[in-house]
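Below is one structure, written out as structure tokens, with a few remarks after it.
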Amino acid sequence: MTTPERFRRRFPIFEKKVFLNSCSKGALSDDVEKAYGTYLDSWRRDGSPWEDWVEMLERTRAVFASFIGCSADEIAVSYCASTAAAGLVSALSFEGTRDRIAIGDFEFPTLVHNLLAQEKRGASVVRVRAEANRLAAESYANELDERVRLVPVAHVCFRNGYRQDIEAVVRCAKAVGALTLIDDYQSTGTRPLDVKALQCDFLVTGTLKYLLGSSGLGFLYVRRELIDELEPLVTGWFGQEKPFDFDIERATYHASARRFETGTPPVPNLYAGFAGIELLGQLDPVTVQAHLEALASRLIDGAKRRGFTMLTPEEPERRGPLVVLACHDSQRIVEALARENIVVSARGEGIRVSFHYYNLHDDIDALFQVLDSHADSMAPLLRAGCVANISCSSAFGLALRSTSSLRKAVFIRINRRHHALPAHKMTSRFAQRITVTVH
Ligand SMILES: Cc1ncc(COP(=O)(O)O)c(C=O)c1O
């Protein structure tokens, strides 16, 4: 298998930039650029080669299905995760006593918006709450019972990189007869994924991030046993058994998961998506996972040495391919990094640093070189109610920058004992990391 160094050469951006933002958009490879060219050639040369383009739809469906360990008939090709989820939830019934959807705090907004819209169709929403940047599988277990129809679960949280124990959540949901919908967007392409072993009912994802393809292409996996009974209200001619019969007398859903498709497929994105998945298919997903975990560990170790605060858990099994470092002016830090040709993104009170197989340890060293000159910003913005585990020196700096009322009220826990300390007493004699609670 190719090394990260050799893989990286296929991504021209690395000639000019340190790209650490795959959680937002995967880098463009030569292969994907060439695939766009192939599409344009076909259009220029043949005008309207629909047979070739529909064949590309089927090839993309098949390559993705084999990537996640299911059959092509269990995959609907969509435009994005949102439309995939919209079609799916429109096919679920929220009548009767099983009317609940259990929504965790780490979901991506678009899924939540689609789920909240189901309240108009009789669904009632229960919330599964996170605590201190963690969302334990037990919190799902506490909310699940025979009234729950659907449990959506973000595998990796886009905001803080927390990796959910999806196996445990799927088990809890199964135990009460609820259906599970995994949002795998922040994970697909970074480690092995086998939907049959996972035993989830549905999964949505797309190609624009770690699958190294284009925007405008999403996938929905539907477990075979469920397909027949699901009749989406969001539909269109490509979701029909015989689209090219152009029948306007009746609608007949396709027998496979294609029934969740709607209109003309996004042809250019299929070319790009297919090329991205094929490129990843040349790698061993276990090796990819190990490489990304090593990169994340290097970032976390460096951050800890500097007293920076992570919003992402340290244990490899609870984190994904992105690590979020807290800072109180994330946009300014992102811009400072961009001036040095380092690409990351800001979300809320942190900067997101994310990895793919093309990243090297040198990328992290380059990142720290810039962050070191902004160390004073690398502390969380604490509001009343916040809890953070940070170094004493960060807490000290933080308190000095805070409003006078916050300065008076910093309450720290050292070695499990609580102290109310005025900021000026927080000195380096407390060398260890401390937990700060703001009241
Ligand atoms: C976890 C997760 N789900 C979904 C999406 C995007 O969904 P869509 O393809 O509908 O834009 C994102 C994008 O950042 C995401 O991080």
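The values are calculated or read from the model by the stated rules, or taken from the named source; none is laboratory data. Note that the structure is a prediction, hence the values are computed from the model and not measured. Glycine also receives a Cβ, built like all others from the backbone with ideal geometry; neighbour counts cover every protein chain displayed.
Miscellaneous remarks
Conditions tested, residue by residue: (1) in a helix (DSSP H, G or I); (2) free of Cβ contacts under 8 Å to residues at least 12 places away in the same chain; (3) closer than 23 Å to R134 by Cα.
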site	(1), (2), (3)
L220	no, no, no
V234	no, no, no
I277	yes, no, no
Q289	yes, no, yes
S297	yes, no, yes
G307	no, no, yes
V324	no, no, yes
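- Check on D30, among the acidic types (D, E) and more than 16 Å from the ligand (Cβ to nearest atom): yes
- Some residue of segment 270-283 being farther than 18 Å from L211 by Cα and out of contact with any Phe, Trp or Tyr (no Cβ under 6 Å at 6 or more places or on another chain): no
- In a residue-by-residue description of segment 86-101, the property of being in contact with a helix residue (DSSP H, G or I) (Cβ under 8 Å, 6 or more places away or on another chain) and part of a strand (DSSP E or B) applies to at least one position.
- In this structure, L212 does not qualify as touching a Ser or Thr at 6+ places or on another chain (Cβ under 8 Å), part of a loop (DSSP other than H, G, I, E, B), at pLDDT 95 or above and surrounded by fewer than 16 Cβ atoms within 10 Å (Cβ to Cβ).
- Segment 73-97 - residue that is more than 16 Å from the ligand (Cβ to nearest atom) and in contact (Cβ under 8 Å) with a residue 60 or more places away in the chain and, of those, surrounded by the most Cβ atoms within 10 Å (Cβ to Cβ): E74
- Count - residues of segment 119-163 that are of a type in the set (D, E, K, R), within 15 Å of the ligand (Cβ to nearest atom) and either in a helix (DSSP H, G or I) or closer than 23 Å to D194 by Cβ (or both): 1
- In a residue-by-residue description of segment 243-260, the property of being assigned to a loop (DSSP other than H, G, I, E, B), buried (at least 17 other Cβ atoms within 10 Å of the Cβ) and modelled with pLDDT of 95 or more applies to at least one position.
- Considering only residues in segment 164-192 that are among the hydrophobic types (A, V, I, L, M, F, W, C) and assigned to a helix (DSSP H, G or I), the one that is farthest from the ligand (Cβ to nearest atom) turns out to be A175.
- Where W53 falls short, out of the listed (1) away from the ligand (no atom under 16 Å from the Cβ); (2) closer than 30 Å to A141 by Cα; (3) more than 20 Å from the chain's Cα centre (by Cα); (4) surrounded by 15 or more Cβ atoms within 10 Å (Cβ to Cβ): (2)
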